[in-house]
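The values are calculated or read from the model by the stated rules, or taken from the named source; none is laboratory data. These figures come from a predicted structure and were not determined experimentally. Note that each Cβ is placed from the backbone with ideal geometry, even for glycine, and that neighbours are counted across all protein chains shown.
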Amino acid sequence: MLVEITIGILMLATCGYCIALGRKLQSLRAGQVELLATIERFDEASRRAEKNLNAMQGAGASLNGELSVATEKANALIDELSVMVNAGDHIAGRIEGAVREVRAIGAKSRRLAS
C-alpha cells in the first residue's frame, strides 16, 4: 500500500510537472509567433529601405549630372565675363588716356590764351 501511495504521489507530481511544462511550451509558442511577426516586419522594413536607397542613389546620380551641366555653364559664363571685364578695363584705360590728353591740350591752350 505504501508503494502504491508513493507511486500515486509521483504520478500526481509528474502530472503537475507536465501541466507546468505545457504552459511554458504554450508561452514559448506564443513568443515564437510574435518573433516571426517581428522578423517579417523587419524584413519588410529592410526591403523598403533598400528600395528607397536605390531610388536615392538614382536621384543622386541624376542630380549629379544636372549639377555638372550647370557647373559647366557657370564656368563658361565666368570665362565670358572675364573676357568682357578685361575688354572693359582696356577700353576704360584708353578713355582715361584720351581724357588726360584732352585735359593736357586744354591746359596748354589756356596757358597760350593767357
Next item on the list: State whether the residues of the range 15-30 include one that is of a type outside the set (A, V, I, L, M, F, W, C), in a helix (DSSP H, G or I) and more than 56 Å from the chain's Cα centre (by Cα).
Entry: yes
Check: With 40, 50 as the choices, which residue is surrounded by 10 or more Cβ atoms within 10 Å (Cβ to Cβ), under 24 Å from the mean Cα position of the chain (by Cα) and of a type outside the set (A, V, I, L, M, F, W, C)?
Finding: 50
Checklist line | Pairs where the first residue, in the range 46-74, is outside any helix (DSSP H, G or I) and the second is hydrophobic (A, V, I, L, M, F, W, C), C-beta under 6 Å, 6+ apart | finding: none
Next item on the list: Inspect all residues belonging to the range 79-92 and state whether any of them is surrounded by 10 or more Cβ atoms within 10 Å (Cβ to Cβ), within 47 Å of the chain's Cα centre (by Cα) and polar (S, T, N, Q).
Entry: yes
Notebook entry, point to check: Under 8 Å by Cβ, and 6 or more places apart or on different chains, what pairs join a residue from the range 79-95 that is on the phi > 0 side of the Ramachandran plot with one that is surrounded by 10 or more Cβ atoms within 10 Å (Cβ to Cβ) and at pLDDT 95 or above?
Noted result: none
